[in-house]
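Each remark here refers to the structure printed beneath this line.
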């Protein structure tokens, strides 16, 4: 009987969980650079604006999706609402709108999304706060 050395298990590299955030981030970045153009020619600064905003939003979505379960449902809903409100307010501010109207639209979007996220988290958890089995 021959003894074989056990091969250590290698952790596979996986892109699981990055598809949706990257897709949303790319679309957001394209839209941000388009809004910043104001109908003029595309500049390098607008492309950088689109790239940076795409990366920030994609990382924010991925982080909340992956590590948000550590938060209680109320704070997790506020975090999703805040991310949405900041993203909407920033896009609206790129159009040349005032700070007050950009902030108001961002707060409205944040409130609606936080309420919807709280409802979704509340209805999909048991009384102890654990996700319900499907």
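The values are calculated or read from the model by the stated rules, or taken from the named source; none is laboratory data. Keep in mind the model is a prediction, meaning the values are calculated, not measured. So basically every Cβ, Gly included, is an ideal-geometry build from the backbone, and we count neighbours across all protein chains shown.
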Point to revise | Cβ pairs under 8 Å, 6+ apart, first in the range 111-130 and at positive phi, second in a loop (DSSP other than H, G, I, E, B) and modelled with pLDDT of 90 or more | key: 129/72
Exercise for review: Would you tally the residues in the range 64-89 being surrounded by fewer than 17 Cβ atoms within 10 Å (Cβ to Cβ) and over 23 Å from residue 123 (Cα atoms)?
Suggested key: 1
Exercise for review: Could you list all residues from the range 19-47 that are surrounded by fewer than 12 Cβ atoms within 10 Å (Cβ to Cβ) and assigned to a helix (DSSP H, G or I)?
Suggested key: 19, 44, 45
